[in-house]
Structures are given as structure tokens and as C-alpha cells.
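One structure below.
The values are calculated or read from the model by the stated rules, or taken from the named source; none is laboratory data. Please read all numbers here as calculations on a predicted model, not as lab measurements. When we count neighbours, we look across all protein chains shown, and the Cβ atoms used for this are built from the backbone with ideal geometry, even at glycine.
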Amino acid sequence: MKREKQLELLSRWRDGELPPNERVRVEAARAALGGEAEQAWEALGEHLRAQPVPAPTPEAMWNDVRRAIRVAQAEPAVAVGAGGRWNWAVAALAVLFMVGVGFLGVRIWLAPSAEAAMPRVAWVEAELPGSSAMVYEDEASGAVVIWLMTPDEGPSGEEQL
């Protein structure tokens, strides 16, 4: 087994990512090596932890601050979607248009409700002397019909007997 493959398997064994059959192989290899690979990994880890982390220079830190300020100023104050700006006049017109279409749609789709209460006639006074009035409701149309008859002639359209 190559050294790199051994180190990879050892790393996966320490992380607990190995299936049972490979775990047995790694443990057998560890026993054969006498723990050399494990000691090498521990030594490498200690060496890396002991390395000092270099601090950036003040000039580099100041350049980072100025870059962050430029980026923050370049961003729009009110972003919409993929970085666009709100155009309030267009938004207001769109809202007004949608409200208008809504009212128009309601007026078109709903049936007109101009059904008034049916007129009721209690009595009729005819100003022609000797005349009589007949009041009835037409069944087909529901309209109230007032028919005025004079004594000289019968109702129009009828012959006198």
C-alpha cells in the first residue's frame, strides 16, 4: 500500500468515515507500522498549530476598509429583484391601473341589480266623470296596468254586446 493511500485511509478512519471492511484493513496497517503514520499526522498537526499567523500591515488593513466603503456606497439604497431601483411613479400607476381594472371587472361580471320593489297600487282616481278604472298586474312582465273605461265606450279592442 502506498504511503499517500495509507495516510488517506488513516485520516478517514479518524473521521469515522470508513466502512467496516476498510476499517479492519486500516487497523491492521496501523498495527504493522507501529503507529508511525499516526505519529506523523500528530507531528504535522502540532507543527501547523505552532506556526505564527502573520498580521496584515496597517496599509493593507486601511485599503480593505476603503474598499468596503466603496462597495457599500455602490450598492443601491432600495434594491428590488436583481439590483434594480424602484420607480415610484411607475409603481403608483400600476397600482391605480390594477384598481381600475378591478372595479371595471366587477361592474362587467356582476349582473346589474336595478331590480326595484314592484309598485303596488292601492286605488286610482279618474278625473273623467262616470269613468271607472281597472288595475291589475300583468303576469308575464310583472308590470302594473291601469285601464280607464268611460261609460260611452267600452274598453278599446272589445266589441260591446
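For region 14-22, the criterion of being loosely packed, with under 11 Cβ neighbours inside 10 Å, at pLDDT below 80 and outside the structural domain of residue 137 (by TED's automatic domain parsing) is met by no residue.
Taken together, 139, 46 contain a single residue that is under 30 Å from residue 7 (Cβ atoms), modelled with pLDDT of 80 or more and out of contact with any Lys or Arg (no Cβ under 6 Å at 6 or more places or on another chain), which is 46.
Can you work out which of the residues in region 1-13 that are at pLDDT 80 or above and surrounded by 11 or more Cβ atoms within 10 Å (Cβ to Cβ) is nearest to residue 41 (Cα to Cα)?
Result: 11.
Of all residues in region 39-53, exactly one satisfies the criterion of being polar (S, T, N, Q) and in a helix (DSSP H, G or I), namely 39.
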